[in-house]
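Notes follow the structure.
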Amino acid sequence: MEEKNYLFTEVEKIITDEKNYPYPQNLAMSSAWILGNLKGVNLNIYDMDNKSSVCDFTVIGYATNYRQAQAMAQEIDRQMKKRGIKVNSIEGSKEADWTLVDLGDVIIHIVLETSRENYSLEQLWSECPKVNIPSEYYFSDDASTESSSNEYF
């Protein structure tokens, strides 16, 4: 239960930080935080303003396996619904190598790392400005880092 409170609290901080992350950037940033904290890799957020009529921001994150990808999509869905934010759809079967979460103004692509080259999503949106994702958005296991570095001394 403590983990869920942590997730809720951290996502809430991002979503309510209108000074740094106005709507809909707050949805993109909170989605990236969720992906990063569920051990997603190679995260990118693209500002699609003036480039697309479909959405304002596109988030891309890579998972290492099907279950991780589904967990990421489900957690984004859960966190948004807790706040009354409509999730238009989640596309991709349980064993798909690409899952899409549609929040309307923000679209999140969760792709298996092994399929990264097949889709080349970063190239598709290479002309769009990238949004900086803080390093603290990525999962970090400080305890294991400390213990592994102490093994040699």
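The values are calculated or read from the model by the stated rules, or taken from the named source; none is laboratory data. None of these values were measured; they are calculated from a predicted model. Note that each Cβ is placed from the backbone with ideal geometry, even for glycine, and that neighbours are counted across all protein chains shown.
Filtered by the rule that a residue be surrounded by fewer than 15 Cβ atoms within 10 Å (Cβ to Cβ) and either of a type in the set (D, E) or at pLDDT 95 or above (or both), segment 116-133 gives E117, E122, E127, P129, K130, N132.
Tally up the residues in segment 54-73 that are more than 19 Å from Q123 (Cα to Cα) and surrounded by 15 or more Cβ atoms within 10 Å (Cβ to Cβ), please. Please lay out each step first, then the result.
Residues of segment 54-73 more than 19 Å from Q123 (Cα to Cα): 64-73.
Restricting the remaining residues to those that are surrounded by 15 or more Cβ atoms within 10 Å (Cβ to Cβ) gives 66, 68-73.
Matching residues across segment 54-73 total 7.
Considering only residues of segment 60-106 that are in contact with a Phe, Trp or Tyr (Cβ under 8 Å, 6 or more places away or on another chain) and among the aliphatic types (A, V, I, L, M), which is modelled with the lowest pLDDT? The extreme case among them is A96.
For the subset of segment 30-69 comprising residues that are among the hydroxyl-bearing types (S, T, Y) and not in a helix (DSSP H, G or I), which member is farthest from I107 (Cα to Cα)? If we take residues in segment 30-69 being among the hydroxyl-bearing types (S, T, Y) and not in a helix (DSSP H, G or I), then T64 is farthest from I107 (Cα to Cα). Applying the set (1) in contact with a Gly (Cβ under 9 Å, 6 or more places away or on another chain); (2) buried (at least 19 other Cβ atoms within 10 Å of the Cβ); (3) not hydrophobic (A, V, I, L, M, F, W, C) to Q79 leaves exactly one unmet item: (1).
Any chance segment 13-21 includes a residue that's part of a helix (DSSP H, G or I) and in contact (Cβ under 8 Å) with a residue 12 or more places away in the chain? Yes: one or more hits. Scanning segment 106-139 for residues that are of a type in the set (A, V, I, L, M), out of contact with any helix residue (DSSP H, G or I) (no Cβ under 8 Å at 6 or more places or on another chain) and farther than 20 Å from I14 by Cα gives L121, L124. Might you let me know whether segment 24-37 holds any residue that is in contact (Cβ under 8 Å) with a residue 40 or more places away in the chain, over 11 Å from the mean Cα position of the chain (by Cα) and either under 18 Å from N88 (Cβ atoms) or crowded, with 19+ Cβ neighbours inside 10 Å (or both)? For segment 24-37, residues in contact (Cβ under 8 Å) with a residue 40 or more places away in the chain, over 11 Å from the mean Cα position of the chain (by Cα) and either under 18 Å from N88 (Cβ atoms) or crowded, with 19+ Cβ neighbours inside 10 Å (or both): present. Between E146, E151, E136, which is farther than 13 Å from A28 by Cα, among the charged types (D, E, K, R) and either modelled with pLDDT of 90 or more or touching a Gly at 6+ places or on another chain (Cβ under 9 Å) (or both)? Checking each option against the conditions leaves just E136. Exactly one residue out of E113, E91 is surrounded by fewer than 16 Cβ atoms within 10 Å (Cβ to Cβ) and touching a strand residue (DSSP E or B) at 6+ places or on another chain (Cβ under 8 Å), and it is E91. Taken over segment 121-142, the criterion of being among the charged types (D, E, K, R), part of a loop (DSSP other than H, G, I, E, B) and without any contact (Cβ under 8 Å) to a residue 24 or more places away in the chain is satisfied by D141 alone. For segment 78-105, give me each residue that is outside any helix (DSSP H, G or I), in contact (Cβ under 8 Å) with a residue 24 or more places away in the chain and more than 17 Å from Y62 (Cα to Cα). The answer is R83, I85, L103, G104, D105.
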